[in-house]
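Encoded as structure tokens, the structure appears first; notes follow it.
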Amino acid sequence: MSDIRVASRYAKSLIELAAEKNVLEQVHADMQLFSQVVSQNRDFRLLLQNPIVKSDKKLAILNGVFKGKVNEMTLAFFILIARKNREAILDAVATAFQEQYRVLQGIQSAEVVSAVPLTPALRDELGQKLVAQTGKRIELVERVDPSLIGGFVLRVGDKQIDNSVKNSLRKLKNQFKDNPYINKL
């Protein structure tokens, strides 16, 4: 079975147990913390994926890093994963958990890339329009990319709206390139 499917099943079990024990929000925060630690610390990520390092050493490191900082259920889950020699998929489990949490809570993730940072008024207006279109709460992720020159690129699920100056210039260039009258000049 692929690691993604296994991670998804572990995440589903954890989310169901956390909801049952009324600690879903705490476990969600713990999974966000875990993802943040893994993304910011390359050595930690490589350690978890290294098959040469024994599981008990990985478990000791997980305890050292997260004991007292995460919910008891989350720590027990880490111990369970380590005892089953599945530490390499912990990052995928955390990602799958967060995706399933968003679905459970009715949250739609959206990413907006703009040439300059969005103003609070524009951010609110965009959020309201997305809520009206999707019917879900919106988790807006913002990035700044000066190469867009102006405008924005919005991604919601599998849909993308590219309303950037860079894209408009590219389309215009292609129109000129495909125009037989211009090519004769």
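The values are calculated or read from the model by the stated rules, or taken from the named source; none is laboratory data. Because the structure is predicted, anything quoted here is derived from the model rather than measured. Please note: Cβ atoms are built from the backbone with ideal geometry, for glycine as well, and neighbour counts cover all protein chains shown. Ligands, DNA and RNA are excluded from the accessible area calculation, which covers all protein heavy atoms including side chains. Shrake-Rupley method; radii C 1.70, N 1.55, O 1.52, S 1.80 Å.
Whenever a residue of region 100-127 is aromatic (Phe, Trp, Tyr), its partners that are open to solvent by less than 50 Å² (accessible area, probe 1.4 Å), lying with C-beta atoms within less than 8 angstrom and at least six residues away or across chains, give the pairs TYR101/ILE15; TYR101/LEU24; TYR101/HIS28; TYR101/MET31; TYR101/ILE107. Looking at the structure I just gave you, is VAL112 open to solvent by less than 80 Å² (accessible area, probe 1.4 Å) and within 19 Å of the chain's Cα centre (by Cα)? The answer is yes for VAL112. Applying a threshold of 8 Å to beta carbon distances and a minimum spacing of six or more residues, or different chains, the list of pairs starting in region 169-185 at a residue that is closer than 25 Å to ILE149 by Cα and open to solvent by 90 Å² or more (accessible area, probe 1.4 Å) and ending at one that is polar (S, T, N, Q) and modelled with pLDDT under 80 reads LYS177/ASN183.
A quick yes/no check of all residues on (1) open to solvent by 50 Å² or more (accessible area, probe 1.4 Å); (2) in contact with a strand residue (DSSP E or B) (Cβ under 6 Å, 6 or more places away or on another chain); (3) within 30 Å of LEU17 (Cβ to Cβ); (4) assigned to a helix (DSSP H, G or I):
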| site | (1), (2), (3), (4) |
| --- | --- |
| PRO51 | yes, no, yes, no |
| VAL65 | no, no, yes, yes |
| THR74 | no, no, yes, yes |
| PHE78 | no, no, yes, yes |
| PHE97 | no, no, yes, yes |
| GLN128 | yes, no, no, yes |
| GLU139 | yes, yes, yes, no |
| PHE152 | yes, yes, no, no |
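Checked against (1) farther than 21 Å from VAL37 by Cβ; (2) touching a residue at least 12 places away in the same chain (Cβ under 8 Å); (3) not in a helix (DSSP H, G or I), ASP162 passes all but a single condition, namely (2). Scanning region 1-42 for residues that are open to solvent by 50 Å² or more (accessible area, probe 1.4 Å), farther than 15 Å from THR74 by Cα and among the hydroxyl-bearing types (Ser, Thr, Tyr) yields SER2, SER39. Among the residues in region 33-48, are any touching a His at 6+ places or on another chain (Cβ under 9 Å) and modelled with pLDDT of 95 or more? No, that holds for no residue.
GLN108 passes every criterion in (1) among the polar types (S, T, N, Q); (2) assigned to a helix (DSSP H, G or I); (3) touching a helix residue (DSSP H, G or I) at 6+ places or on another chain (Cβ under 6 Å) apart from (2). Output the residue which, of all residues in region 139-159 that are in contact (Cβ under 8 Å) with a residue 12 or more places away in the chain and either in contact with a Phe, Trp or Tyr (Cβ under 8 Å, 6 or more places away or on another chain) or among the basic types (Lys, Arg) (or both), is nearest to THR119 (Cα to Cα). Among residues in region 139-159 that are in contact (Cβ under 8 Å) with a residue 12 or more places away in the chain and either in contact with a Phe, Trp or Tyr (Cβ under 8 Å, 6 or more places away or on another chain) or among the basic types (Lys, Arg) (or both), the one nearest to THR119 (Cα to Cα) is ARG143.
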